[in-house]
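The values are calculated or read from the model by the stated rules, or taken from the named source; none is laboratory data. As the structure is a prediction and not an experimental result, all values here were calculated from the model. Virtual Cβ from ideal backbone geometry, glycine too; neighbours counted across all protein chains shown.
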């Protein structure tokens, strides 16, 4: 499975946008990019996913580089409830059976 | 909306004992995944089942076994427990049922915290 690289931690102020980067230089053409987050003492939860085009949903936006070797999760207005570990995960289009979680980025949101 | 249910939520066992963790997926979900998360670590994929058949296997020790039953619930059986098995165990479910659209999301349960003393 292709590997992802994320910063260990990031800090943001409440109400400001947050850009969480992910490098995946060995991504293949059939890999989806998924983002999950894990709030303290909870199971991971789905945030967003994409293949080639940028994606928006009610939680966040996903910006995918043209060469697909990196992506950025964008939280438009961080709240204290967004403090979590954010995981960028690659999943092959034909493989629905497992996710490999990397090290993730711990996001701290300051009031 | 119904979520993934895991039981028990907390479990304390001694070394060399056995433990059984249960997972009840979201209704109509046909796929179950098990993950282990040690203290301060990231979730590690253990095993998954689709339509009651094992679909993939990760870093699951030979001392562990799992199955998915006819009602789609799953059980993770752990024998000869070791101190290093102390962790949070998450179950997730998703729907890959043809005709209903493929869900790319895995829905995670709240986890079972296993402590081995």
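Quick look at the values:
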{"read-out": "Residue within segment B:50-59 that is surrounded by 15 or more Cβ atoms within 10 Å (Cβ to Cβ), out of contact with any helix residue (DSSP H, G or I) (no Cβ under 6 Å at 6 or more places or on another chain) and at pLDDT 95 or above present", "value": "no"}
{"read-out": "Failed item, numbered, when residue A:19 is tested on (1) surrounded by 13 or more Cβ atoms within 10 Å (Cβ to Cβ); (2) in a strand (DSSP E or B); (3) more than 14 Å from chain B (Cβ to nearest Cβ); (4) within 15 Å of the chain's Cα centre (by Cα)", "value": "(1)"}
{"read-out": "Conditions (1) modelled with pLDDT under 95; (2) touching a strand residue (DSSP E or B) at 6+ places or on another chain (Cβ under 6 Å): number failed by residue A:85", "value": "(1)"}
{"read-out": "Condition met for residue A:53 (surrounded by fewer than 14 Cβ atoms within 10 Å (Cβ to Cβ), modelled with pLDDT under 90, touching a strand residue (DSSP E or B) at 6+ places or on another chain (Cβ under 9 Å) and not in a strand (DSSP E or B))", "value": "no"}
{"read-out": "Subset of segment B:13-38 (residues that are under 25 Å from residue A:40 (Cβ atoms) and either within 12 Å of chain A (Cβ to nearest Cβ) or surrounded by fewer than 20 Cβ atoms within 10 Å (Cβ to Cβ) (or both))", "value": "B:13, B:19, B:22, B:23, B:26, B:32, B:33, B:34, B:35, B:36, B:37, B:38"}
{"read-out": "Of all residues making up segment B:35-78, the number that are assigned to a loop (DSSP other than H, G, I, E, B) and closer than 18 Å to residue B:95 by Cβ", "value": "7"}
{"read-out": "Residue selected from segment A:94-111 under the condition in contact with a strand residue (DSSP E or B) (Cβ under 6 Å, 6 or more places away or on another chain) and surrounded by fewer than 16 Cβ atoms within 10 Å (Cβ to Cβ), by the criterion nearest to the other protein chains (Cβ to nearest Cβ)", "value": "A:108"}
{"read-out": "Answer from B:81, B:114, B:96 - the residue that is in a strand (DSSP E or B), buried (at least 16 other Cβ atoms within 10 Å of the Cβ) and over 10 Å from the mean Cα position of the chain (by Cα)", "value": "B:114"}
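Conditions tested, residue by residue: (1) away from chain B (no Cβ under 14 Å); (2) under 12 Å from the mean Cα position of the chain (by Cα).
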| residue | (1), (2) |
| --- | --- |
| A:30 | no, no |
| A:35 | no, yes |
| A:39 | no, no |
| A:46 | no, yes |
| A:52 | yes, no |
| A:65 | yes, no |
| A:72 | yes, yes |
| A:78 | yes, no |
